[in-house]
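Following: one structure in structure tokens, then a few remarks.
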Amino acid sequence: MSQNQQFPNREKSLSRELFTSRQAIVILGVFLVLGFSGCNKPPEKVRKQTAVNVRVQAAEIRSLRPFVESVGSLAPHSQVTVSSELDGILDSISVDEGTAVKKGQAIAEIRPTDYRLALEQAAAQLAQSETGLANARQEYERKEALYREELLTRQQFDDISARVRLAEAEVARARSGQNLAKERLARTKILAPLAGSIKEKRATAGDYVRNGSFLVSIVRTDLLKLIFSVSEKDVGSLKLGQDVDFITDSFPDKKFRGKLSAILPALDERTRTLQAEALVANADGRLKSGLFARITLYTGPARERVVVPITALLYDNSTTKLFVVEGDKAREKIVTTGRKYGESMEIVAGLRDKEIVVTTGQNNLMEGATVHVAR
């Protein structure tokens with residue numbers, strides 16, 4: 001019997017032991033790997049969201065008037081050039097540039113001697129003509145009686161009738177001459193045609209002036225024009241009589257008011273703007289022609305509107321949004337804006353009155369973020 005045959009059971013037993021040992025080693029290796037993996041795995045982090053510090057303000061309803069803003073300047077309501085209507089030597093001129101004048105006030109005089117003599121001559125001519133007419137009428141009455149008694153021919157009667165008509169015409173012409181002489185004498189005194197101030201003076205006493213010579217220019221100061229332009233998109237909201245408020249650098253704390261009085265019929269093709277004018281009362285004369293003005297033109301009655309600070313708004317392309325605070329959470333809202341009123345913006349849709357709006361810190365927010373309201 002061979003050795004292999006003698007120990008068959010021993011070989012089988014040894015094989016089984018080796019297989020069992022290998023299984024144990026594999027299982028032990030697996031446990032070791034799992035053990036090491038479990039030891040190296042970091043502990044799960046406990047996530048804690050940090051609150052964002054913000055400042056807030058409640059949306060509110062205000063009574064607002066729609067308006068258009070512009071800039072412009074003040075101009076004289078009217079300006080006239082006062083000229084001589086006669087030839088002659090300027091005897092006197094009693095105003096200087098800047099002098100305030102009243103309507104009808106005498107401001108200059110042309111030497112009246114020649115014109116006074118002309119009036120006297122015209123008066124004498126009128127008296128002579130009236131005497132001639134009186135004589136002609138007396139003769140007409142005598143010859144009319146003779147003509148009725150047929151002691152005077154028709155031709156003779158027609159002659160005296162013609163003489164009377166000529167005498168009447170002569171009187172009318174002499175009277176017109178006298179009136180003209182009176183008018184010329186009166187025009188030697190040059191009067192202010194309107195109340196205002198002397199803007200320019202070009203003559204002095206002693207100058208020889210002719211008919212049409214420039215003496216002074218007068219600007220009306222109790223009423224001014226405010227000239228300004230509005231953009232094409234706002235033209236449809238303009239109506240005569242609308243209120244216009246404005247301020248000037250000369251009186252920064254004073255608001256002045258006027259009324260829209262003129263709307264020009266055509267736009268400026270270069271700037272796409274339309275010129276308009278407002279009348280401004282200036283009884284105290286404080287406002288001066290040429291002053292620059294910042295203008296607010298009110299285009300409608302007051303209306304109730306929700307407003308928020310401009311700083312609360314965020315812009316994302318064509319979308320306008322803001323954040324409101326509900327409890328300790330931020331909620332994003334898409335809104336539709338209207339007009340700007342100073343530091344506030346009109347909200348047409350998307351927000352209600354008294355909602356708490358984030359005004360500072362909103363750039364760090366997202367929907368549902370935790371917020372801490374700074375006091």
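The values are calculated or read from the model by the stated rules, or taken from the named source; none is laboratory data. Predicted model only: the values in this text are computed from it and were never measured. Heads up, the Cβs are rebuilt from the backbone with ideal geometry, glycines too, and the neighbour counts pull from every protein chain shown.
Annotation: of all residues in region 287-326 being within 30 Å of SER73 (Cα to Cα) and of a type in the set (Gly, Ala, Ser), the one that is modelled with the highest pLDDT is ALA293.
Examine region 291-307 for a residue that is farther than 26 Å from MET345 by Cβ and not assigned by TED's automatic domain parsing to the domain that holds LYS354, and state whether such a residue exists.
yes
Set side by side, the residues GLU109, GLU130 differ, and just one is at pLDDT below 95, over 30 Å from ASP234 (Cβ atoms) and of a type outside the set (Lys, Arg), which is GLU130. For first residues located in region 111-140 and closer than 15 Å to LEU185 by Cβ and free of Cβ contacts under 8 Å to residues at least 40 places away in the same chain, partners that are crowded, with 16+ Cβ neighbours inside 10 Å and not basic (Lys, Arg) and lie 6+ apart or on another chain with Cβ distances below 8 Å form the pairs ASP114/GLY88. On the stretch given as region 61-91, residues that are closer than 30 Å to GLY342 by Cβ and in contact with a helix residue (DSSP H, G or I) (Cβ under 8 Å, 6 or more places away or on another chain) total 2. Please tell me if THR131 is assigned to a helix (DSSP H, G or I) and of a type in the set (Val, Ile, Thr). It is true that THR131 is assigned to a helix (DSSP H, G or I) and of a type in the set (Val, Ile, Thr). Looking only at region 327-366, residues that are at pLDDT below 90, more than 17 Å from VAL56 (Cβ to Cβ) and not aromatic (Phe, Trp, Tyr) come to 4 in all. The set of residues in region 242-275 being surrounded by fewer than 18 Cβ atoms within 10 Å (Cβ to Cβ), at pLDDT 95 or above, in contact with a Leu (Cβ under 7 Å, 6 or more places away or on another chain) and of a type in the set (Gly, Ala, Ser) consists of SER261 alone.
Might you check whether a residue that is in a strand (DSSP E or B) and farther than 30 Å from MET366 by Cα occurs anywhere in region 304-320? Among the residues of region 304-320, at least one is in a strand (DSSP E or B) and farther than 30 Å from MET366 by Cα, which makes the answer yes.
Taken together, the residues in region 335-375 that are closer than 15 Å to ILE310 by Cα, over 33 Å from the mean Cα position of the chain (by Cα) and in a strand (DSSP E or B) amount to 4.
Residues in region 94-114 that are surrounded by 16 or more Cβ atoms within 10 Å (Cβ to Cβ) and part of a strand (DSSP E or B): VAL101, ILE107, ALA108, GLU109, ILE110. Residues that are within 29 Å of ALA123 (Cβ to Cβ) and aliphatic (A, V, I, L, M) were ranked within region 175-217; the one that is surrounded by the most Cβ atoms within 10 Å (Cβ to Cβ) is ILE190.
Flag not set for GLU150, criterion: of a type outside the set (A, V, I, L, M, F, W, C), over 56 Å from the mean Cα position of the chain (by Cα), in a helix (DSSP H, G or I) and over 30 Å from ASN211 (Cβ atoms).
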